[in-house]
Amino acid sequence: MAVAKTSKTAANVPQSQEELISGSEAVAQALRLADVDVISAYPIRPYDTVMQYVSKLIADGRLDCEFIVAESEHSQFEIVKHACSVGARAFCGSSGVGWMYAMECLAVTPSLRLPYLAICGNRALDDPGAFGTEHNDAMCVRDLGWMLYWVETAQEALDMTLIGYRAAEDQRLSLPCALCLDGAFLTHSAQIVSVPPQDLVNSYLPRFDLGDRVLHPDNPISIAPQANEDWLMEIRKQMDAAMRRAPEVIREAHGEFHRAFGRQGGSPFIEEYMTDDAETVLVGMGTMASPVRVMVRKLRAQGEKVGFVRVKWFRPFGTDEIRTSLQRFKAVGVVDRDFSLGAADMGGVLYNDVRATMYDAQRRPVISGFIAGLGGREIEEKDVLEMFRRTQQAGADGRGGEVTWIGVRE
Amino acid sequence: MASTAVEVIYRGIFQKTLAGTLVKTLVLAAHREGKIGTAMSRYGDSPERNGIPAKQFAVIADSQDELEESLAKYEPKATDVSICLDDNMCKGIESWSWYGVQPINALVKPGGLLIVTSLRTPDLLLRHIHWRDQPYRIAIVKAEASLGGLWVYRDDHTDMRLLGAVARLAPQVVGLDALVQSLHEKGLADQPYAGDTEGDARAWAPRQAAGQQPIPVGQTKLESMQQAYEAATDRPVAPGEGVEGNRLTFEKPGWKDMRIGVVVDAPKPGVDASIEVFKKWSTRTKRPVVNFDTCIECDLCWLHCPDECFVPTPEGVYDVKYESCCGCGVCEEVCPVDRCIVMVDEIEFTDLESPYQKWKRGEPLVAPASGGGAKYGAAAADGNTGNAEDRG
Ligand code: SF4
Ligand code: SF4
């Protein structure tokens, strides 16, 4: 149960308002609307922009919450974990090496089934010191029971913060959720965002209730005692069972959101663009969607049957949706903004997940892999064109399995 | 064509090196006989913490394939020899989490051997040891539990004496010749006993009082082993001989029945604070005995006990829940009244009954009749013992 507070905003904002805000600011606005109780912070670019907007909301009297500046990311994530265990709706986030420094806390949170929301402002892992976007930081928790969503726009950042809380806090899941925002491209770019009224959000997002797992003197429990070989596998199985339920809960959360706000309809897991009669599609996550769509339109104008499939929820992976979608195409190119050195065919993480998904499809497309946009390097139109050409060629040859680094200087 | 297994049950940390030396020496010596083996520790039985019962094993086989067959299991299911390095553990051992209590002789094969380092007789130990439905043998190596530290080894020749006893009483594991050869090869055979670091007189006096012969300074390891070989005897234990003891067992729930989020119930105010499935008592070597007559009801024991063992009573004194006591001795330390709480050797006791109830009935809290001798008798009797009736 979240601590009861009076909202200072509901009365004077009856309608949705349009604001020009960045992805980070959109998250901050959503936190205000979600009436978050505890936020922990430690500066690291690009996550620090969220901190900045949250502090401003608090200073302006628009958000009433505990804002705790920790001395490190490790403490930052411990703080929200514990806050969550006493029933507070909590928020936290980091980027790159900061996210990695919090790894111990990130790893234990799913087994404790504490559903706070975090953002990972994707950033390349040092060394060398770098700021640009790369998905490897968030990818590090992909096996651990975190739900992961790759956001494309500022509007989506706001919407997904609300949807994320609703899904994560659902008693059937009770799993932590991280929204992944491409550093700079999304965190630092202002877009027109529709900010919904408080009443509407209140009707969509129920109060956080941990039930009989809330740590309180009236409910004496012990969380996370040592567990040996006799117990751990059952605990992992419980987490697995929750993740297996996640697609259904996510569909519900998106469906309800669509009914209430008129956005985020369609599949929560993928978004298809110009795929109806497509023969060749690229698949990718996050902000790379823009340059890809631009090139899709240009190629379409020349009569080429190309399209794009954006993967949105990455954990749980939209296995059914992706399988059903991609088996319609002749050739598929998967674009990874991450690397998984030494993996099967030296491919990226998304590439190999997609290939595993398609292995049991009725029809298997020819699948090529691309590593692109690492360290925040721009994925330019010419890069997208090259990826389409290679994917088409692989389709024509009937031979997939090749992974190419795109846009790297020879 | 056969394989043999030896289990060493020891006190975590304090006897880890001793247990390791035993199993490794056995495997190496057996190798001299042309056998092949492995030495392994299985802390799954307990994470290795101070005093918690833990195990190490030596598995020895005639061939690689046979060895592999034995190793495909997490730990041997049956042993030729089980060695217990602290006689307090004869009451059974409980691991750190939810397994229940395992009798000390649980793995001993029919006709197999249980060796205990103890200053007591087999008969006295059998008042604590669970009965088995099969015959086996028990042997004593007369020695007080040899306790070291994580990095400190108490080189009091307990290792040599146990090895000698194994060679004599279970030669199928390894023979004396191979052990001697192995000691020579490692340059240990002629190593003389250097005296106890605590000072010989102080270290040996209580052991001597209880019947353990001191090792003369200068006696070599080889001599200690050979002497133990000559002296070793065993006593057959008939099926059914022993006690019912504490046989705490329980069903482990499936994942659907377990609470999610690694949540377990904590003691609720006014409700029995002990966790049903982990009693902890086998981790202790001593238990606190409270002299309720001199207790001034200051609450300090109740406040400081890490396991919430002290239970308020109408009289204002605190009963002790022995099932949950880990034997840390904190209560003895904080009690302001001289010798009001005294830590007494666990093997003096055969039950876990409420001392408060006994006190109310006018019964003695300790019956120092289990053969511990002067050292234990003195401590136990101090203000706590009415008589010396043997309740075994
Ligand atoms: S020895 Fe004393 S303080 Fe320690 S667990 Fe036992 S009763 Fe509690
Ligand atoms: S600490 Fe000693 S004197 Fe105080 S209540 Fe406990 S037993 Fe009594």
Computed helical MRE - 222 nm, chain A, DSSP H runs ≥ 4 contributing -39500 (n - 2.57), nearest 500: -12000 deg cm²/dmol
Hey, fewest Cβ within 10 Å first, where do B:S146, A:S222 land in order? A:S222, B:S146
For B:E308 and A:D320, extending 7 Å from Cα along the Cα-Cβ vector and measuring point to point gives, in nm, a value of 4.5
Using only the Cα atoms of region A:2-261, what semi-axes does the equivalent ellipsoid have when each is the square root of 5 times a gyration tensor eigenvalue? Give whole Å, largest first. 26, 22, 18
Charge tally in the Cβ shell below 12 Å around A:S16, where Lys, Arg are +1 and Asp, Glu are -1, A:S16 excluded: -3
Number of partner chain Cβ atoms within 10 Å, mean per residue of A:207-220: 2
May I ask you to derive the FRET efficiency for A:A361 and B:D257 from their Cβ-Cβ distance with R0 = 35 Å, giving the value to the nearest 0.05? 0.40
How big is D, in µm² s⁻¹, for chain B by Stokes-Einstein at 4 °C and 1.567 mPa s if Rh is the Kirkwood radius over C-alpha pairs? 58
Considering every residue in B:251-262, what mean count of other chain Cβ atoms within 10 Å of its Cβ is obtained? 6
Scoring only Lys, Arg, Asp and Glu (+1, +1, -1, -1) among other residues with Cβ under 12 Å from the Cβ of A:S95 yields -4
Which of the three applies to the protein assembly as shown, rounded, prolate or oblate, going by the alpha-carbon gyration tensor with a ≥ b ≥ c and a/c under 1.5 meaning rounded? prolate
Mind running the shape call on region B:3-237? Use the C-alpha gyration tensor, a ≥ b ≥ c as the square roots of the eigenvalues: rounded below 1.5 for a/c, prolate if a/b tops b/c, oblate otherwise. rounded
One finds, for B:K77 and A:R172 with R0 = 56 angstrom and r their Cβ-Cβ distance, a FRET efficiency to the nearest 0.05 of 0.85
Going by how many other Cβ atoms sit within 10 Å of their own, how do A:M288, B:M258 line up, fewest first? B:M258, A:M288
With only helices counted (DSSP H, runs n ≥ 4, each -39500 (n - 2.57)), the per-residue ellipticity at 222 nm for chain B, to the nearest 500, works out to -7000 deg cm²/dmol
Please label the shape of region A:270-405 as rounded, prolate or oblate, based on the square roots a ≥ b ≥ c of the eigenvalues of the alpha-carbon gyration tensor (a/c under 1.5 means rounded; beyond that, a/b larger than b/c means prolate, else oblate). rounded
In region B:1-80, which chymotrypsin sites (Phe, Trp or Tyr not before Pro) are in a loop and have at most 16 other Cβ atoms within 10 Å, using DSSP for the loop call? B:Y74
Report the net charge of residues surrounding B:D177, where surrounding means a beta-carbon distance below 14 angstrom and charges are Lys +1, Arg +1, Asp -1, Glu -1. +1
Most exposed first by the Cβ proxy, i.e. fewest other Cβ within 10 Å, how do A:M233, B:M160 rank? A:M233, B:M160
Any chance you could give the angle, 0 to 90 degrees and rounded to 10, that helix B:176-185 forms with the longest Cα principal axis of chain B? 90
Mind pulling the angle between the C-alpha long axis of helix B:221-231 and the longest principal axis of chain B? Nearest 10 degrees, somewhere in 0 to 90. 80
Helix A:289-301 sits off the longest principal axis of the Cα atoms of chain A, rounded to the nearest 10 on a 0 to 90 degree scale, by 30
Contour minus Cα-Cα distance for A:V408 and A:A59 (0.36 nm per residue): 121.1 nm
Taking the alpha-carbon set of region A:1-152, what are its Rg and Dmax in Å? 15.4, 49
So for the protein assembly as shown, taking the charge dipole from beta-carbon charges (+1 Lys/Arg, -1 Asp/Glu), which of A:L205, B:Q219, B:I36 sits furthest toward the positive end? A:L205
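Only the coordinates and a few stated rules stand behind these numbers; no lab work does. This is a predicted model, so every value here is computed, not measured. Note that we place each Cβ from the backbone using ideal geometry, even for glycine, and neighbour counts take in every protein chain shown.
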